[in-house]
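Here's the structure, in structure tokens; my notes come after.
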Amino acid sequence: MAIKKSVLPIIPVRGFVIFPKTVFHFDIAREKSKNAVLKAISADGLIFLAAQKNENIEQPTESDVNEFGVVAKIKQFLKLPDGCIRILVEGVSRGKLVSPFLKENIYEGEVIYKNSSDKGLSLEEYSAILNQIHFLINDYIEFNPKLATEPFLKDLPETNPSEFCDTVASNLIRSNEDKQLLLETTNVKKRLVKLLDIMTKEIKILDIESIISAKIKEQMDDNNHEYYLREQLKAIHNELGDDKDDEVSHLRDKLESIPLPDEVYSKAMRELKSYEKLPPTSPESNISRHYLELICELPWDTYTEENSSLENARNILERDHYGMVKVKDRIIEQLAVINHTNNPCGSVLCLLGAPGVGKTSIAKSIAEATGRSFVRLSLGGMKDESELRGHRKTYVGAMPGRIVTALRQAKSSNPLILLDEIDKIGADYKGDPASALLEILDSEQNMAFRDNYLEIGIDLSKVLFLATANDTSTIPSPLLDRMEILELSSYTAEEKFNIAKNHLLPKQIKKHGLEKKSVKITDDALKDIISSYTRESGVRKLEREIAAICRKCVVAISQGKKSISVNEKNIEDYLGIRKYTDSKISPTPTVGLVNGLAWTQVGGEVLQCEVISLSGSGKTQITGKLGDVMKESVQTALSFIRSISETLGIEPDFYKKRDIHIHFPEGAVPKDGPSAGITVATAVASALSQIPVRSDIAMTGEISLQGRVMAIGGLKEKVLAAYRYGIKNIIIPRDNFKDIEEIPLNIRNDITFHVVENCNEVLKIALLSKDLGIKTESFPPQLHIERSACHEYS
């Protein structure tokens, strides 16, 4: 008999197997398969359907498709809105692919028709097999009564053994692998025997499933479908004898490979046993798994190798930061103690300073110098104690605290943890984070820090803690007592220039993808940026201004310019008009106008005080959004001036006839503190006596009712502020004489400090009158400042 061959379009199908004489419909999405359908329709409608060996392959090749398939006739064809094609096919004959099937954009190949053979099958054998198959069909119906209503059972082609076998296999056999095996068997007798064997095995499986289902139904509520599925899965595992989940085994191996403390190991194993018994879909299962994964990820007895070289530490600090001699020396001392004792326990350094002075970058440099991992915890706005200690596992969405999370992130038990903005933590009904920090920062307690989520002790004794703050007044006293304050003062103009030239400018040039030879910013331009475009204690705004210049340079270079030079003459082309001038300071002596000095969280500032005297009934008006302490200082100054009014040539009863208005400009900015006492006293004395005040002088000091000038804080920042505005004469309290040494030498050499201890001396220095009738005392010789430190001592 001649072998029938034909070249047909091919569709690799997934998830099903089609037999001859069966009708089936399915959707087609792959372009090559669509092209095959269209070609078949344009011809005789015949197409070859072959099942893929692996359903997950999107673009199958010849080796990915079974050789045996079915030659089918396309009965119906429909294009769907989503671009797919739905076809209805009827199996015609078995077929075997004998040539490569991928041609350009279509699946196509030569197919040999395979006819079924009744060879070796007698009528008696067929009848016996037929009866057995009917018995098995009845067993199928017992397990699934809905099968009894299926149309194919009412009209089985029993007169045609081959068609009968294919119909039963197509409708009853569940496994595609078994269906493919039957499709490839062309001998009808062998196919029937295989069908009988496959059906017998499936009946046994259905019987086992039925037993499992019956066991589960006895111990559960029929309405709890989810629980039923979980118990069914559990029973299947028990039947198979497999009571170990891969994940449980993985976690156990990991826990046993980690050098856990005995307490931690015992608790982890108890948790693992509990997790093993929990259903996979249970919420408690996820919580337990996350808990065990956290224990596995924490750095138990894992340490980074520390660098004990103090020379290396100093080199890194000098490389990354300009100036800050005292700060660097204190850090080196701290590192020396740690190296000597091999224990970071001791005082916790709190870097105190205005924003942008380099607190965080110093912490990073310390971490690099010591070889420790660096982790930064931002505490600003934290109000919940649980953020540090963690939440208990009983709560929904529970998680470990920030300290434990930092250790996991650092992957080391001896990292450097920076507690950033420690002065900005709050407290509410959920607890006080500052109280939790007491334990964390106490070397006597933190060796067994207990996180609420883990519920086991964590050793923090090897962790090096650093903190940063802008203002210590908001830090609770017990917490402040745990730390040593290391103050980072404001930068001088010279320090800012060196930082900008050696650090900020190279950093921004590299960040913007520029080359040093293509962009040049002159020294005078940098100084102009510092003085005319920034007024800050740190260098953040300075860096932003340099970045703005670099951006404009990038634009110019992208437009074809090869090199750019920025100097003090064309600086406005890049940054606009100058934002700051010295216009705040009056160029001429003025009655009732005094330059005071104030300290703010962002550094020092010149704070002017204006006073006018008006005819009236003795009222005093104070404006400028002053705090209670500053208002009391104003009242003290007024009382002192009243006590020496005759000496100043002021009418003794001025408080009855004159109204006094005291004002501090920039009324929207809150102001408080006692250090403006002598400033107010001088302004009031000038306004009442009509004697002008020197415009080239600034002052700071608290005043008492007796006129004593008392010490103030923040002298360095205040002096730097005056220096920024070009003021070279400064009046300071005698008790602050010792603080002059903190001021950079180049600035001390350019300023005249007038050291006073009584307000009479202040008035004599500040008021432009040769004879005020004020008596002053000379100071002891030992208080004289060396010429190298300042120009004059009064």
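Checking the structure you have, find out if any residue of region 442-456 is open to solvent by 30 Å² or more (accessible area, probe 1.4 Å), in a loop (DSSP other than H, G, I, E, B), under 30 Å from LEU260 (Cβ atoms) and touching a His at 6+ places or on another chain (Cβ under 7 Å). Yes, region 442-456 contains at least one residue that is open to solvent by 30 Å² or more (accessible area, probe 1.4 Å), in a loop (DSSP other than H, G, I, E, B), under 30 Å from LEU260 (Cβ atoms) and touching a His at 6+ places or on another chain (Cβ under 7 Å).
Taking the criterion of being open to solvent by less than 80 Å² (accessible area, probe 1.4 Å) and part of a loop (DSSP other than H, G, I, E, B), the residues of region 632-654 that qualify are ILE644, SER645, THR647, LEU648, GLY649, ILE650, PRO652, ASP653.
Please work out if VAL629 is within 52 Å of the chain's Cα centre (by Cα) and either among the aliphatic types (A, V, I, L, M) or surrounded by fewer than 20 Cβ atoms within 10 Å (Cβ to Cβ) (or both). Yes, satisfied. When ASP428, ASP451, ASP423 are checked against the criterion of being out of contact with any strand residue (DSSP E or B) (no Cβ under 8 Å at 6 or more places or on another chain) and not basic (Lys, Arg), a single residue qualifies: ASP428. Scanning region 367-391 for residues being of a type in the set (Ser, Thr, Tyr), under 23 Å from LYS328 (Cβ atoms) and open to solvent by 20 Å² or more (accessible area, probe 1.4 Å) gives a total of 1. Only one of the numbered conditions (1) of a type outside the set (Ser, Thr, Tyr); (2) assigned to a strand (DSSP E or B); (3) exposed (fewer than 12 other Cβ atoms within 10 Å of the Cβ); (4) touching a Lys or Arg at 6+ places or on another chain (Cβ under 6 Å) is not met by GLU90, and that is (3).
Against the test of being assigned to a helix (DSSP H, G or I), open to solvent by 20 Å² or more (accessible area, probe 1.4 Å) and either within 16 Å of VAL23 (Cα to Cα) or touching a residue at least 40 places away in the same chain (Cβ under 8 Å) (or both), the options LEU153, LEU181, LEU195 yield a single qualifying residue, LEU153. Exactly one residue among SER127, SER99, SER63 is at pLDDT below 85, more than 25 Å from PRO161 (Cα to Cα) and assigned to a helix (DSSP H, G or I), and that residue is SER63.
Considering the conditions (1) modelled with pLDDT under 90; (2) open to solvent by less than 30 Å² (accessible area, probe 1.4 Å), SER42 is excluded by exactly one of them, (2). Residue pairs whose Cβ atoms lie under 7 Å apart, sitting 6 or more positions apart in sequence or on different chains, and linking a residue in region 433-450 that is farther than 23 Å from LYS383 by Cβ to a partner that is in a strand (DSSP E or B), are ALA448/GLY457. Of all residues in region 335-352, those that are among the β-branched types (Val, Ile, Thr), assigned to a helix (DSSP H, G or I) and open to solvent by less than 40 Å² (accessible area, probe 1.4 Å) total 1.
The sole residue among ASP459, ASP423 that is open to solvent by 50 Å² or more (accessible area, probe 1.4 Å), among the charged types (D, E, K, R) and out of contact with any Lys or Arg (no Cβ under 6 Å at 6 or more places or on another chain) is ASP459. Confirm whether GLY673 is under 41 Å from the mean Cα position of the chain (by Cα), under 17 Å from SER489 (Cβ atoms) and part of a loop (DSSP other than H, G, I, E, B). Judged against the criteria, GLY673 is not a match. Does ALA410 fit the bill of being within 27 Å of GLU293 (Cβ to Cβ) and surrounded by fewer than 18 Cβ atoms within 10 Å (Cβ to Cβ)? Here the answer is no, as ALA410 does not meet what is asked. Looking only at residues in region 661-716 that are open to solvent by 50 Å² or more (accessible area, probe 1.4 Å) and of a type in the set (D, E, K, R), which one is farthest from LEU593 (Cα to Cα)? The residue in question is ARG708. How many of the residues in region 288-330 are touching a strand residue (DSSP E or B) at 6+ places or on another chain (Cβ under 7 Å) and surrounded by fewer than 18 Cβ atoms within 10 Å (Cβ to Cβ)? Residues flagged as touching a strand residue (DSSP E or B) at 6+ places or on another chain (Cβ under 7 Å) and surrounded by fewer than 18 Cβ atoms within 10 Å (Cβ to Cβ) within region 288-330 amount to 1. Between PHE48, PHE26, PHE68, the distinction of being under 58 Å from the mean Cα position of the chain (by Cα), surrounded by 13 or more Cβ atoms within 10 Å (Cβ to Cβ) and farther than 19 Å from TYR113 by Cβ belongs to PHE26 only.
Reported count of residues in region 469-504, each being buried (at least 20 other Cβ atoms within 10 Å of the Cβ) and of a type in the set (A, V, I, L, M, F, W, C), is 9. In region 74-87, the qualifying residues are those that are assigned to a strand (DSSP E or B) and touching a Lys or Arg at 6+ places or on another chain (Cβ under 7 Å), and the one that is farthest from LYS32 (Cα to Cα) is LEU78.
Looking only at region 104-140, which residues are surrounded by 14 or more Cβ atoms within 10 Å (Cβ to Cβ), of a type in the set (S, T, N, Q) and within 30 Å of THR61 (Cβ to Cβ)? SER116 - this is the single residue of region 104-140 that is surrounded by 14 or more Cβ atoms within 10 Å (Cβ to Cβ), of a type in the set (S, T, N, Q) and within 30 Å of THR61 (Cβ to Cβ).
Do we find that VAL404 is among the β-branched types (Val, Ile, Thr), buried (at least 19 other Cβ atoms within 10 Å of the Cβ), within 30 Å of ARG314 (Cβ to Cβ) and in contact with a strand residue (DSSP E or B) (Cβ under 7 Å, 6 or more places away or on another chain) in this structure? In short, no. The set of residues in region 692-717 that are assigned to a strand (DSSP E or B) and either among the acidic types (Asp, Glu) or more than 48 Å from the chain's Cα centre (by Cα) (or both) comprises VAL693, ILE697, GLU702, ILE703, ARG708, VAL709.
Could you tell me whether TYR574 is among the hydroxyl-bearing types (Ser, Thr, Tyr) and touching a residue at least 40 places away in the same chain (Cβ under 8 Å)? So TYR574 fails the test.
Under the condition of being in a helix (DSSP H, G or I) and either over 13 Å from VAL709 (Cβ atoms) or modelled with pLDDT under 90 (or both), which residue from region 676-691 is farthest from the chain's Cα centre (by Cα)? Checked region 676-691; the qualifying residue farthest from the chain's Cα centre (by Cα) is SER689. Counting only helices (runs of 4 or more DSSP H) that sit wholly inside region 353-435, those with at least 2 residues that are of a type in the set (Gly, Ala, Ser) and farther than 21 Å from ILE456 by Cα are 359-370.
The values are calculated or read from the model by the stated rules, or taken from the named source; none is laboratory data. Note that the structure is predicted; figures quoted are calculated from it, not measured. Note that each Cβ is placed from the backbone with ideal geometry, even for glycine, and that neighbours are counted across all protein chains shown. These accessible areas exclude ligands, DNA and RNA; they are computed on the full protein's heavy atoms, side chains included. Shrake-Rupley method; radii C 1.70, N 1.55, O 1.52, S 1.80 Å.
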